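Taking it in order: structure first as structure tokens, then the write-up.
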Amino acid sequence: MDVQIENRPKGARTFTRDAAERARQAGGLIRRHRMAAAVLAILVLGLAAYFITGALNSTGEAFVTAPATRGNIENTVTALGNLQPRNYVDVGAQATGQLKKLYVNIGDTVKQGQLLAEIDPQVASAKVAVDEGNLANLRAQQNDRQAQLALANANFERQKRLLAAGATAASNYDAAEQAAQSAAAQLNAIKAQIAASQSQLDGDKVTLGYTKIYAPMSGTVVSVSIKQGQTINSVQQAPTILQIADLTKMTVWTQVSEADVPKLKVGMPAYFTTLGQPGKRWTGVLQQIQPTPTITNNVVLYTATFDVANPDNVLMTQMTAQVFFITAEAKNAVLVPISALHQRRARRGGTETAGQAQTKRRGGLAPWEAGEKNAIVLVKGADGKIECRAVSVGVSNRVSAQILSGLDAGEQVVTGRETTQGSSSNNSGNRGGRMGGPRFGRL
């Protein structure tokens, strides 16, 4: 891209072009070095395969083989969890009294607005009756005060006209004015009392309405905490009568170790199985990783959650779930057992063990390191000869690995060698964080 530089010395423009040219040359050099390193790695694996193939076929040993197959593979983070309803509500009582009637039981399906229970309304009804009586009395007083105010105002107007005509004393006028003002004040006081009494009545009517408890949402009654006939006291706090939950959608709450949490990402696929149906998968997407851990016996665990549909209500509250978060997966891939993968170099970093050093000096095969993208497999041909091949590895787990190139489905790969007793030797365990097959030290 041409860069226009105005009003700058000629030397500055030359320096800029030189710097850009040097940057392009450096980028090309880095790319060539990377390509050369990749080619060198392939050549090294190829040469290793050539020499090891000859050594294996000269020993005459019998090997255990397994076919490369096609299938699906996953790399997962596992955790234990339990199921909780996605939406639920605790239904409480806001009125005090005896639970007169309970209309539902655990497991019943209810609709929003359905009557669930009734509290004895006698106390609340009595309060409403008292409030209505007080309000009626105050309204009667209001009518009396309005009549007195009208009389006082008429007398005041008459005294005003007489005073203007000089037919009455000023004291009579003042007394009439004061009487009219007093009557107006008394009427306003009665109106205020009526407003307060009306508020009291409205509140007590609401409390009376609380004696009938309705479902705030549709769902299933999952718990009932109070029996019919029991006395409820809602003065200090609203006691819970029952709990309603929507069981058509469940939330899986899992506890993930601090070592595995960095592998999780919101939005990654997840699935779980239950003890009752270990062969059935319920799938979902990771929605939340809570930042605050729980610590139990010095073990740090983080909570991860995701939702799952439950249209048939097969999943129930507090069920135990074996959860799998999928970090990598491949479909219809060429798969081989982990024990079929080998490599020629020792573990990266740290000090080589005596066995690793010996294997390296002899030109033998070491178990494959998990996460490596290149490996060596021993392929047994139709003629019984062993061929050593360099392959590219994709997704892997503790059991199998995906082969991206270098091997076809159906080919027989060596997973171990037979011992003198006729049994097979296969050290495919994960030792010290390493996954791979048996060592072929003497080749």
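Close amide H contacts of residue 76 (hydrogens built in the peptide plane, cut-off under 5 Å, sequence separation of 5 or more or a different chain): 327. When the pairs 263/331; 111/212; 127/212; 331/385; 265/373 are compared against a 26 Å limit on Cα-Cα distance, 331/385 fall above it.
With Cα atoms defining each centre, region 165-203 and region 376-399 are spaced 107 Å apart in the structure. Working note: Karplus 6.51/-1.76/1.60 with θ = phi - 60° gives region 172-178 the couplings 5, 5, 4, 5, 5, 5, 5 Hz, where Gly and Pro are set to x. In the calculated pair-distance distribution of region 90-224, the portion above 28 angstrom amounts to 51 percent of the Cα-Cα pairs.
Remark: the residue 195-residue 140 segment gains 18.4 nm on full extension, using 0.36 nm per residue and subtracting the alpha carbon distance.
In loop segments of region 98-176 as defined by DSSP, the chymotrypsin sites (Phe, Trp or Tyr not before Pro) with at most 15 further C-beta atoms inside 10 Å of their C-beta are 103.
Annotation: extensible slack from residue 259 through residue 105 equals 51.0 nm (criterion: 0.36 nm per residue apart, minus Cα-Cα distance).
The mean sequence separation of alpha-carbon pairs under 8 Å and at least six residues apart, normalised by the residue count of region 90-224, gives a relative contact order of 49 percent. Computed 3J(HN,Hα) for region 310-318, one whole-Hz value per residue from the Karplus formula 6.51 cos²θ - 1.76 cosθ + 1.60 where θ = phi - 60°, is 9, x, 8, 6, 6, 7, 10, 4, 6, glycine and proline marked x.
Amide H to amide H, with H built 1.01 Å from N, residue 116 comes under 5 Å of 213, 214, 215, counting only residues 5 or more places away or on other chains. Taking amide H atoms as placed 1.01 Å from N in the peptide plane, the amide H of residue 241 lies under 5 Å from those of 91, 92, 93, each 5 or more residues away in sequence or on another chain.
Quick note: the coordinates plus some simple rules give every number you see, no bench work behind them. Predicted model only: the values in this text are computed from it and were never measured. All Cβ positions, even for glycine, are placed from backbone atoms using ideal geometry, and neighbour counts span all protein chains on display.
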